[in-house]
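The values are calculated or read from the model by the stated rules, or taken from the named source; none is laboratory data. Please read all numbers here as calculations on a predicted model, not as lab measurements. Cβ coordinates were reconstructed from backbone atoms using ideal geometry, including for glycine residues, and neighbour counts include every protein chain displayed.
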């Protein structure tokens with residue numbers, strides 16, 4: 001391993017990254033099994049960690065350094081020798097270990113198919129769990145390219161778990177997904193065009209006290225975030241995402 005690689009998010013001082021006292025545990029998950037267009041998601045976690053060393057830690061809107069809650073980055077998950085199903089199970093197991101210790105897991109991917117097992121693990125601890133999915137794509141196909149584990153099916157698996165789902169920023173949708181929505185009005189979608197025209201009402205009332213947030217970076221406009229597997233025009237901008 002290259003010793004120059006950053007191993008702790010933000011390269012914080014030791015008091016903030018002690019795994020015993022950290023509130024947040026980052027789980028680098030370099031997953032790449034079902035990417036169907038631009039490859040490279042397996043390099044995403046390390047690229048983000050490396051870039052984080054150049055990030056200022058003070059937040060001018062919050063007027064403090066959020067990293068002071070304690071943020072520890074554990075070693076990246078090693079998927080070598082695993083098929084897709086085994087890799088997803090390993091991801092869910094890692095999240096479950098963090099939850100058992102009463103800490104907050106932050107899974108850093110990797111392709112978006114990795115989200116389903118962590119959501120399932122969180123649902124075990126929080127039966128009232130709701131999910132907010134910010135993405136360019138609905139990811140509601142039953143399967144894609146012959147796999148139900150695909151990144152294009154990850155939110156369909158969430159619906160299968162019976163977890164209330166709210167999707168935000170969607171601007172790429174298949175006929176299959178549109179047909180699925182006709183019989184699943186419980187899935188709320190805030191479309192990308194609604195956000196662009198300031199005509200969106202985010203249904204915050206749908207969310208429980210325990211909400212899992214999953215963000216696919218292609219939710220952001222490719223003018224600002226081009227390094228994604230399936231970029232789509234018309235995406236969110238930085239401050240829109242923060243809001």
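Screening residue 81 against (1) free of Cβ contacts under 8 Å to residues at least 24 places away in the same chain; (2) surrounded by 16 or more Cβ atoms within 10 Å (Cβ to Cβ); (3) in a loop (DSSP other than H, G, I, E, B) leaves a single unmet condition, (2).
In this entry, residue 171 is excluded by the filter for residues that are closer than 30 Å to residue 100 by Cα and surrounded by 17 or more Cβ atoms within 10 Å (Cβ to Cβ).
Here residue 210 meets the list (1) surrounded by fewer than 17 Cβ atoms within 10 Å (Cβ to Cβ); (2) modelled with pLDDT of 95 or more; (3) in contact with a helix residue (DSSP H, G or I) (Cβ under 6 Å, 6 or more places away or on another chain) almost entirely, failing just condition (3). Residues of the range 1-15 that are over 23 Å from the mean Cα position of the chain (by Cα) and modelled with pLDDT of 65 or more: 4, 15.
Based on what the data block shows, is residue 87 part of a helix (DSSP H, G or I), without any contact (Cβ under 8 Å) to a residue 60 or more places away in the chain, surrounded by 17 or more Cβ atoms within 10 Å (Cβ to Cβ) and not assigned by TED's automatic domain parsing to the domain that holds residue 214?
Against the criterion (part of a helix (DSSP H, G or I), without any contact (Cβ under 8 Å) to a residue 60 or more places away in the chain, surrounded by 17 or more Cβ atoms within 10 Å (Cβ to Cβ) and not assigned by TED's automatic domain parsing to the domain that holds residue 214), residue 87 qualifies.
Looking at this structure, is residue 45 in contact with a strand residue (DSSP E or B) (Cβ under 8 Å, 6 or more places away or on another chain), under 21 Å from residue 149 (Cβ atoms) and either in a helix (DSSP H, G or I) or in contact (Cβ under 8 Å) with a residue 12 or more places away in the chain (or both)? It is true that residue 45 is in contact with a strand residue (DSSP E or B) (Cβ under 8 Å, 6 or more places away or on another chain), under 21 Å from residue 149 (Cβ atoms) and either in a helix (DSSP H, G or I) or in contact (Cβ under 8 Å) with a residue 12 or more places away in the chain (or both).
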